[in-house]
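A quick write-up on the structure given underneath.
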Amino acid sequence: MAAEIPLNTAPRFVTPVATPTYGAGGSASIICSTHIAAPPATVAGIILDTTTYPSWNKWIPKVAIDSPAPSPASSSDLPSSLAHLASNPAQHLLLNAGFHFEVHTNPESPSFQRTDLVVSVLEEFERNGRKGIRVSWKTKGDPWYLRAERTQEFLATEDGMGCDYFSSETFFGPVTWAIKMFLGGQLKVGFTLWMEGLKEEAEKRAKGVAKSEGEESL
């Protein structure tokens with residue numbers, strides 16, 4: 001996916017990007033990307049931990065798991081750098097977990113729309129010698145008129161201390177035109193809030209770890 005998205009891309013709609021579950025044949029995709037000065041596992045760990053969302057995500061400040069990943073969760077099913085998440089499937093978005101977002105199209109308003117999702121991919125990958133983590137989730141059910149799948153990739157920099165972040169959500173079905181026309185602007189704002197908030201939170205954590213390690217070495 002990252003090969004199709006230029007780095008440092010502000011949220012915008014593009015021709016459909018293939019997804020892990022549904023493949024090609026989508027109606028439209030919204031993409032964005034940025035560099036984050038934090039390791040892939042740090043950044044991915046934030047979006048997988050439902051308790052972190054209120055602190056960084058103004059667009060979706062609440063996530064709730066409705067059906068945890070099949071128990072017992074196995075660390076072997078996770079990227080090695082995220083194996084510790086297996087100990088608490090009730091808190092983390094692991095493979096096949098069902099959950100819902102409370103989406104605030106107006107971040108200043110208490111009203112929200114519920115979106116039900118399931119984690120469809122959680123894996124490590126390698127591209128051009130660089131290792132990364134891939135996370136995907138899709139809307140529950142497969143209605144013919146509208147379905148969607150979002151993929152986020154965290155591709156490590158050569159020194160392993162940072163990552164390039166790529167996000168793509170592809171919509172399938174004839175209702176996509178209405179999504180773009182009536183909600184396109186709100187989606188762009190939401191993806192911007194998501195990306196900027198995630199970057200700020202991850203870099204803050206990475207700096208905290210670096211400072212702690214520096215103090216320990218004294």
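The values are calculated or read from the model by the stated rules, or taken from the named source; none is laboratory data. Just so it is clear, the structure is predicted and the values come from calculations on it, not from any experiment. With ideal geometry, Cβ positions are generated from the backbone for all residues, glycine too; neighbour counts draw on all protein chains shown.
Here LEU95 clears all of (1) in contact (Cβ under 8 Å) with a residue 60 or more places away in the chain; (2) not in a strand (DSSP E or B) except the condition numbered (1).
Taken over the range 76-112, the criterion of being under 21 Å from THR139 (Cβ atoms) and hydrophobic (A, V, I, L, M, F, W, C) is satisfied by LEU93, LEU94, LEU95, ALA97, PHE99, PHE101, VAL103, PHE112.
Scanning the range 3-29 for residues that are hydrophobic (A, V, I, L, M, F, W, C), crowded, with 18+ Cβ neighbours inside 10 Å and closer than 21 Å to MET181 by Cβ returns VAL17, ALA28.
Within the range 138-168, being acidic (Asp, Glu), at pLDDT 95 or above and surrounded by fewer than 23 Cβ atoms within 10 Å (Cβ to Cβ) holds for one residue alone: ASP164. Only residues that are in contact with a strand residue (DSSP E or B) (Cβ under 9 Å, 6 or more places away or on another chain), among the acidic types (Asp, Glu) and part of a loop (DSSP other than H, G, I, E, B) were counted in the range 98-135, giving 0. Does at least one position in the range 154-171 carry a residue that is aromatic (Phe, Trp, Tyr), farther than 23 Å from ARG130 by Cβ and not in a strand (DSSP E or B)? No: the range 154-171 contains no residue that is aromatic (Phe, Trp, Tyr), farther than 23 Å from ARG130 by Cβ and not in a strand (DSSP E or B).
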